[in-house]
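The values are calculated or read from the model by the stated rules, or taken from the named source; none is laboratory data. Source: prediction; values computed, not measured. Positions of Cβ are backbone-derived with ideal geometry, glycine not excepted, and every protein chain shown enters the neighbour counts.
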Amino acid sequence: MHFVEMASFGSRVAGRVINRVALGTTLQLSIVTLSRFFLIPFLPVLGYLVESGIIIRDYFIIVIFTYCLCLIVSIFVLLKLNLFQTFFQKVFKNYDDRTIPIALLKTFLNLNKNIKTESCENFSFNKILVKKTFVACFAYLFLITGFFISFMLAILYPENRLTLSQFTAAFHGVGAIIIAVYIDPMLSRSIDLYHDNVTWMNNVYSIIFGRVLSYLIVLITVSIFLISEV
């Protein structure tokens, strides 16, 4: 789910690169919404782990493995953003005379190889804006940890596990508000400024890099807790 969310940034970038901003933004939001499908198997499995009496050490091991995968795919998206945005350029072209699902499928199957695409700048640390990276990291720390913290508390205090598992919305709410009132509007505003070809790309990489840092911070923190438990 996190990989799909991060890959969807390519749609936003592609929209700016080929002047189809509205479609790029809409498609990103659609993909993020569709990625919630993965919650259908995820939440029952997480709930089963709590109900089955998993010990906190084993739970931490699962969490570390999960965040390791998230960190790897997030770094891949950061370094290969151009790959994803060119993919979405092809989706846009295939969408001209088809529906979005068919356009995505046709692009995945690479049935139209003659579509010309434009490239964006690759990642480099001189594109990182510290303030925006920090805010993005702070917001995503809440968004990516909501489920795991709530269910961790449910494991530690099983007599109140039903109540504690509902705190997921509280954790997600903090991150979602920051995304909604600052990060998304800031990114959209910079994308709309066509006379500025630098700031918008810096904002994109700063946001993605902030998310990468959030995975790294959580991974280090959980690893420290696991070592202390051992």
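General remarks:
- Remark: pairs (first residue in the stretch 202-230, more than 18 Å from Phe142 (Cα to Cα); second residue among the hydroxyl-bearing types (Ser, Thr, Tyr) and part of a helix (DSSP H, G or I); Cβ separation under 8 Å; 6+ apart in sequence or on different chains) = Asn203/Ser190.
- Filtering Thr163, Thr117 for residues that are farther than 21 Å from Leu79 by Cα, among the β-branched types (Val, Ile, Thr) and surrounded by fewer than 19 Cβ atoms within 10 Å (Cβ to Cβ) leaves a single hit, Thr163.
- When residues of the stretch 19-33 are limited to those that are loosely packed, with under 15 Cβ neighbours inside 10 Å and aliphatic (A, V, I, L, M), the one farthest from Tyr95 (Cα to Cα): Leu29
Residues checked against (1) of a type in the set (A, V, I, L, M, F, W, C); (2) on the phi > 0 side of the Ramachandran plot; (3) modelled with pLDDT of 90 or more:
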site: Phe134; (1), (2), (3): yes, no, yes
site: Cys137; (1), (2), (3): yes, no, yes
site: Leu141; (1), (2), (3): yes, no, yes
site: Phe147; (1), (2), (3): yes, no, no
site: Gly173; (1), (2), (3): no, no, no
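- Output for the stretch 171-193, where each listed residue is in contact (Cβ under 8 Å) with a residue 40 or more places away in the chain and either among the hydrophobic types (A, V, I, L, M, F, W, C) or farther than 20 Å from Leu29 by Cβ (or both): Ile178, Ile179, Ile183, Met186, Leu187, Ile191
- Verdict on Thr107 being at pLDDT below 90 and closer than 19 Å to Glu5 by Cα: yes
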